[in-house]
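The values are calculated or read from the model by the stated rules, or taken from the named source; none is laboratory data. Remember, predicted model here, so these are calculated numbers, not experimental data. With ideal geometry, Cβ positions are generated from the backbone for all residues, glycine too; neighbour counts draw on all protein chains shown. We work out accessible area using only protein heavy atoms, side chains counted, and drop any ligands, DNA or RNA first. Shrake-Rupley method; radii C 1.70, N 1.55, O 1.52, S 1.80 Å.
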Amino acid sequence: MAGGWAMLPILICSAVALAIVLERCWTLRRKSVLPPGLGEEVRNWARSGQLDPAHLTTLANGSPLGELLASALAVRNRPRELIKERIEDTGRHVVHRMERYLNTLGTIALIGPLLGLLGTVIGLIRMFMEVMRGGVGDPMKMAGGIGEALICTATGLIVAIPAYVLHRYFRSKVAGYCVEMEKQATGLLDELTMDQLARVRPSRVASTESSAS
């Protein structure tokens, strides 16, 4: 009320920022993005051949890491380059979903101080217009008007500073998850490649023996 109408967009931004922070805190929990032991479990599946479509569907729907590993397993019989390309394509989609709403949070961190400054400037303009019409009058009222105008700037900064800090925090968290997911995907890719080589070598030996005989 004291800050004027410019406080309304700032308060709306604060509500949106709070909703995004709570949603991202829940979504980007480590155990929901990188379930413990999932990478090793999937590599064991690849070794034992437990790779039916229902298995892959459950894996893909379970977590972002599971979706990435399932995309590699879906084309496990293809050459290494094609498997790697599929992992990269899926990885871009997974990262995009993990970064959902972060651009909005960054925008709030950027425009929060600007909205506060706008409210302050408008308040000062209104106060000086009243001074022009009725004179200086009581200096205490003028000081109170300046204080009320500065409320907008203070509120904008109160909203923007945590939004900026949390935006950077979530960005770094997603970047760390990407490194871990890349490590797990590379391990599975090596496992699938070695499995392909293990299948190719006996066939080559058999064809060599048959041609020699």
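Could you check, for the range 59-79, whether at least one of its residues is of a type in the set (Val, Ile, Thr), assigned to a helix (DSSP H, G or I) and closer than 23 Å to GLN184 by Cα?
no
Name, by its number, the condition in (1) at pLDDT below 85; (2) in a helix (DSSP H, G or I); (3) out of contact with any Lys or Arg (no Cβ under 8 Å at 6 or more places or on another chain); (4) surrounded by fewer than 16 Cβ atoms within 10 Å (Cβ to Cβ) that does not hold for THR193.
Status for THR193: all satisfied but (3).
From the list LEU114, LEU68, LEU82, which residue is surrounded by fewer than 14 Cβ atoms within 10 Å (Cβ to Cβ) and either within 24 Å of TYR169 (Cα to Cα) or among the β-branched types (Val, Ile, Thr) (or both)?
LEU114
Listed here are the residues, each with its yes/no results for (1) surrounded by 11 or more Cβ atoms within 10 Å (Cβ to Cβ); (2) under 30 Å from ILE108 (Cβ atoms); (3) touching a residue at least 24 places away in the same chain (Cβ under 8 Å).
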residue: PRO9; (1), (2), (3): yes, yes, yes
residue: CYS13; (1), (2), (3): yes, yes, yes
residue: ALA19; (1), (2), (3): yes, yes, no
residue: SER32; (1), (2), (3): yes, yes, yes
residue: GLY39; (1), (2), (3): yes, no, yes
residue: THR58; (1), (2), (3): yes, no, no
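Determine whether the range 166-179 contains at least one residue that is open to solvent by 90 Å² or more (accessible area, probe 1.4 Å), closer than 21 Å to GLU67 by Cβ and either in a helix (DSSP H, G or I) or modelled with pLDDT under 90 (or both).
yes
When you look at ILE108, is it within 14 Å of the chain's Cα centre (by Cα), closer than 30 Å to GLU148 by Cα and open to solvent by less than 50 Å² (accessible area, probe 1.4 Å), yes or no?
Numbers: within 14 Å of the chain's Cα centre (by Cα): no; closer than 30 Å to GLU148 by Cα: yes; open to solvent by less than 50 Å² (accessible area, probe 1.4 Å): yes.
Considered against the rule, which asks whether it is within 14 Å of the chain's Cα centre (by Cα), closer than 30 Å to GLU148 by Cα and open to solvent by less than 50 Å² (accessible area, probe 1.4 Å), ILE108 comes out as no.
Say whether the condition of being touching a helix residue (DSSP H, G or I) at 6+ places or on another chain (Cβ under 9 Å), at pLDDT below 85 and in a helix (DSSP H, G or I) is met by at least one residue in the range 7-25.
yes
If I filter the range 113-157 down to residues being closer than 11 Å to ALA6 by Cα and of a type in the set (Gly, Ala, Ser), which single residue comes out as modelled with the highest pLDDT? Let's see the steps before the verdict.
Our first condition is that a residue be closer than 11 Å to ALA6 by Cα; within the range 113-157, this holds for 114-123, 149, 151-153, 155-156.
When the remaining residues are screened for being of a type in the set (Gly, Ala, Ser), the result is 116, 119, 123, 149, 156.
Details: GLY116: 87, GLY119: 82, GLY123: 77, ALA149: 74, GLY156: 90.
Result: GLY156.
What is the number of the single condition among (1) closer than 19 Å to LEU110 by Cα; (2) without any contact (Cβ under 8 Å) to a residue 40 or more places away in the chain that GLU67 does not meet?
(1)
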